[in-house]
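Written below as C-alpha cells is the structure these notes are about.
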Amino acid sequence: MTDFGVLIFATDYSIQPAVLGRVLEQRGFESLFLPEHTHIPVSRQTPWPGGAELPREYSHTHDPFVALSAVASVTSTLKLGTGITLVTERDPIVLAKQAASLDFISAGRLLLGIGAGWNVEEMANHGIEYAQRWQVLRERMLAMRAIWQKEEAEFHGTFVDFDPLWSYPKPVQVGGPKVLLGASSRWTWARIAEYGDGWMPIHQDRKRAAQQGIVDYAAGIEATRSAWREAGRDGEPDFSIFGVPADANRVLELIDMGFNRVIFGLPSADADTVMPLLDRLAKIGYRVNG
C-alpha cells in the first residue's frame, strides 16, 4: 500500500496548520509536510530554481517545528514531516533537541526531510558559505545522530565540535526520526547511505525539467539501493516524492518506479480553496490503494 501525504507552505495567510492536519487525518492521509525559510533576503541576487519570480509564500512561512507541534496536538496518527528542514540554517544541538522533542511529544510521528538550501544570501546570513553547505550539513546530521542515540554524545569535526553532553528527551523512534534527503545530484545516493534513511526529490513537471534538467527517478531509486547495500545498511531506504500533481495516472507511474510515499502539492491558500482540493486528492488515494 502506498502512503499519501500533502505539502503546503504554511503561512500567515493560508489555512491554519492545525485545521489542515485534523482534516487530513479525517480523510485518511498519512502525512503533512511543511517547508521552511527562516527569511528571504531582499537583495534577491540568487535566482529561484523554480523560475523567474519567487512566490510570495517563501517569505511568509511559519517555523515548521512550531506549526507541526500545533498539528500534533490535534491529531493522533498523522505523520509530521519537514519538507525540507534547512539544516545549514540551524544549530545542530538545538535542531537535535527540536526534532527529538517533537518526535517524543507526537509519540514517534516525525519525518525529517532535510536539505542544504539554494539561496546563497540566506545561507550567508546564517554564517554559512554556499560552497561548504553539504560539508556543513553532513557534520550536523552526524552530530545530531550522536545526540539522539547516545547518553553522552560528543562530536569533533571541522564545522561542528562539542565535548560530551546530555540532551533529552531522546526520540521515540529508535535511532532518531527517519531522515529523508531532498536532493537529486550524483552525490545524493552516497549521502543517503551515510546519514539518511531515504530519498525525497521534488516532482518535475515539463517546465521544471526544462529549467533544472530531467531527473531519472527510477535510476535514482536503484542508485540509492545500491549505495545502501554497499554501506551495509539494514532494511530498505524510504522513497518519497513531493509536489506531485492531482493526476492518478502520474501517481501510478511514480509508484511503479518504486516510490512508497506520494506527497501532493497544495497551494498556500485559505481553507475555502484548499478543502475541495483535499477531497479530490483523497479520491486519488482511495482509487490507487483500492
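The values are calculated or read from the model by the stated rules, or taken from the named source; none is laboratory data. All figures in this text were calculated on a predicted structure; none of them were measured in a lab. We place every Cβ from the backbone using ideal geometry, glycine too, and count neighbours over all the protein chains shown. Side chains included, ligands, DNA and RNA excluded: accessible areas come from the protein's heavy atoms. Shrake-Rupley method; radii C 1.70, N 1.55, O 1.52, S 1.80 Å.
Figures for the structure shown
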| quantity | calculated |
| --- | --- |
| GLY175 being over 17 Å from the mean Cα position of the chain (by Cα), small (Gly, Ala, Ser) and either more than 24 Å from ARG133 (Cα to Cα) or open to solvent by 60 Å² or more (accessible area, probe 1.4 Å) (or both) | yes |
| Any hit, segment 41-58, residues being part of a helix (DSSP H, G or I), crowded, with 18+ Cβ neighbours inside 10 Å and of a type in the set (Asp, Glu) | yes |
| Inter-residue pairs, beta-carbon under 7 Å, first touching a residue at least 60 places away in the same chain (Cβ under 8 Å) and in segment 215-243, second open to solvent by 10 Å² or more (accessible area, probe 1.4 Å) and charged (D, E, K, R), 6+ apart | ASP238/LYS178; ASP238/ASP197 |
| Residue selected from segment 196-217 under the condition modelled with pLDDT under 95 and small (Gly, Ala, Ser), by the criterion surrounded by the most Cβ atoms within 10 Å (Cβ to Cβ) | ALA209 |
| Hits in segment 218-236 (condition: open to solvent by 10 Å² or more (accessible area, probe 1.4 Å) and of a type outside the set (A, V, I, L, M)) | GLU222, ARG225, SER226, TRP228, ARG229, GLU230, GLY232, ARG233, ASP234, GLY235, GLU236 |
| Candidates VAL87, VAL6, VAL66, VAL71 - the one that is under 28 Å from VAL160 (Cβ atoms), open to solvent by less than 40 Å² (accessible area, probe 1.4 Å) and either in contact with a Gly (Cβ under 6 Å, 6 or more places away or on another chain) or hydrophobic (A, V, I, L, M, F, W, C) (or both) | VAL87 |
